[in-house]
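The values are calculated or read from the model by the stated rules, or taken from the named source; none is laboratory data. Here the structure is a predicted model, which is why all the values come from computation and not from measurement. Glycine gets a Cβ as well: all are built from the backbone with ideal geometry, and neighbour counts include every protein chain shown.
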Ligand SMILES: Cc1cc2nc3c(=O)[nH]c(=O)nc-3n(C[C@H](O)[C@H](O)[C@H](O)COP(=O)(O)O)c2cc1C
């Protein structure tokens, strides 16, 4: 679609040298946004599709799993990779590897992980609290990527909890360090996935960070939500995670909405079944292991069939599928005439839960600078994260 027809909700998103015509980003999701799922989403819409996060350490060590995570299809452009790391030198080395070996066109840095085993060591969403360390990691990544002109972006949460917010400061640090865009998941680590995302914080960040695009993230379940987030916050683009789980066609809705069209995909059961089959094929192709691919597809079943009448027994069997032949058998038992169920298939899906007081290294909140004691703990933080 060409630039700025009068109906466009936003102009194209510019991330360094990259232009994303439809300002929509598939949020990185570990265990979800692999090569197969990104292809499925790309077949429906337009935007920037970020891979599952990979740890800088695993990349530098070239573990087979990390090299699998960063694989892209031949025709996938831009090739986007998300790196998680806690040590500036290792993050720098990982980004250098990605760009020198021409393995990525965009690198996103993850400062949003709220998982206790990560925050307990000072990593993820609680890391920007140590502003010197945050600055050093971001700077190392930008400097490593710059010689090849690859843009680096930062994805973060609001902070540790309501009393310890870091996002405005982190956004400004990132901007100064040469980051090409910042994305805010408008929750704190303490919020985890509970409640509703605080879109006002996205507006606050947009007011503070004026030289680079600000992307809003959190609780976009429909194209209408995305347009509403832009309207309420002034953000330059949106990042969509759970809303597209089991609904890759949401990217078609988003593209339509951002280009001013009211057309929406409202799939009946036959289309859902065909998409599940396509997803399975792509997973098998990607993993080259049919049993593993189908095992990994199981969690998607509840998402795909949310709101559709399936029947308890068939639903349970779909959640245990172990081969393409079995999948075909089960899909054949669905009522393929069933129309789109409406509201039941919409709204919130995926991870939710209640607030959790973040586990932090002892004394973490006492100072904004990193003491020597914490450095060792932080290195362990990276070792305990999956992602390669
Ligand atoms: C299953 C799952 C895996 C996730 N993995 C990552 C990840 O690897 N990196 C990251 O930055 N965020 C990750 N997130 C957070 C999402 O990128 C996103 O910020 C969050 O889900 C909020 O957006 P949403 O409301 O659109 O889902 C993950 C979320 C989920 C549900």
Residue in region 23-36 that is more than 30 Å from residue 373 (Cβ to Cβ), under 16 Å from the mean Cα position of the chain (by Cα) and surrounded by fewer than 20 Cβ atoms within 10 Å (Cβ to Cβ) present: yes
Residues (without any contact (Cβ under 8 Å) to a residue 24 or more places away in the chain and outside any helix (DSSP H, G or I)) located in region 262-311: 262, 263, 288, 289, 311
Residue list for region 104-119, restricted to those being under 18 Å from residue 180 (Cβ atoms) and part of a loop (DSSP other than H, G, I, E, B): 104, 105, 112
Among the candidates 244, 235, residue that is crowded, with 21+ Cβ neighbours inside 10 Å and more than 10 Å from the ligand (Cβ to nearest atom): 235
Residue pairs meeting the criteria (Cβ under 6 Å; at least 6 apart or on separate chains; first closer than 18 Å to residue 264 by Cα, in region 224-244; second more than 14 Å from the ligand (Cβ to nearest atom)): 227/9; 227/257
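Can we say residue 153 is within 12 Å of the ligand (Cβ to nearest atom) and under 17 Å from the mean Cα position of the chain (by Cα)?
For residue 153, the condition - within 12 Å of the ligand (Cβ to nearest atom) and under 17 Å from the mean Cα position of the chain (by Cα) - is met.
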Selection count, region 187-223, where residues are more than 18 Å from residue 168 (Cβ to Cβ), touching a helix residue (DSSP H, G or I) at 6+ places or on another chain (Cβ under 9 Å) and within 10 Å of the ligand (Cβ to nearest atom): 4
Yes/no for residue 287 being modelled with pLDDT under 95, farther than 20 Å from residue 308 by Cα and not assigned by TED's automatic domain parsing to the domain that holds residue 33: yes
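Among the candidates 191, 219, 225, which residue alone is modelled with pLDDT of 95 or more, assigned to a helix (DSSP H, G or I) and assigned by TED's automatic domain parsing to the domain that holds residue 253?
225
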Qualifying residue in region 48-61 (condition: away from the ligand (no atom under 16 Å from the Cβ) and at pLDDT below 95): no
